[in-house]
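Student: Before anything else, here's the structure in question.
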């Protein structure tokens, strides 16, 4: 069985959302309305992980 842990999002459309996850990459992107992606950066190294929105991307890759 895969271990899960809480992940909290701050900013953007996910502000305040807490989900259970099994991985916590440094960066993650979430697709929202009209294919726009919100980019989030992990702020800490131990659960519960906190991700803060740092930008948006449309069709171009985030760099």
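Just so it is clear, none of the values below were taken in a lab; they were calculated from the coordinates. Small disclaimer: the values here were computed from a predicted structure and weren't measured. FYI the Cβ positions are ideal-geometry reconstructions off the backbone, even for glycines, and counts take in every protein chain you see.
Student: Express in nm, to one decimal, how much length is gained between residue 18 and residue 45 on full extension, taking 0.36 nm for each residue of separation and deducting their alpha carbon distance.
Tutor: Fully extending the segment from residue 18 to residue 45 adds 8.1 nm.
Student: Then there is this: Find how much the distance from residue 54 to residue 31 grows on full extension, using 0.36 nm per residue of separation minus their present alpha carbon separation; answer in nm with one decimal.
Tutor: 6.9 nm
Student: May I pose another question? If packing is taken as the average number of other Cβ atoms within 10 Å across a peptide's residues, how do 12-21, 48-57 rank, most packed first?
Tutor: With the highest mean Cβ count within 10 Å placed first, the list reads 48-57, 12-21.
Student: Determine how many Å³ per residue the convex hull of the Cα atoms of the chain encloses.
Tutor: 92
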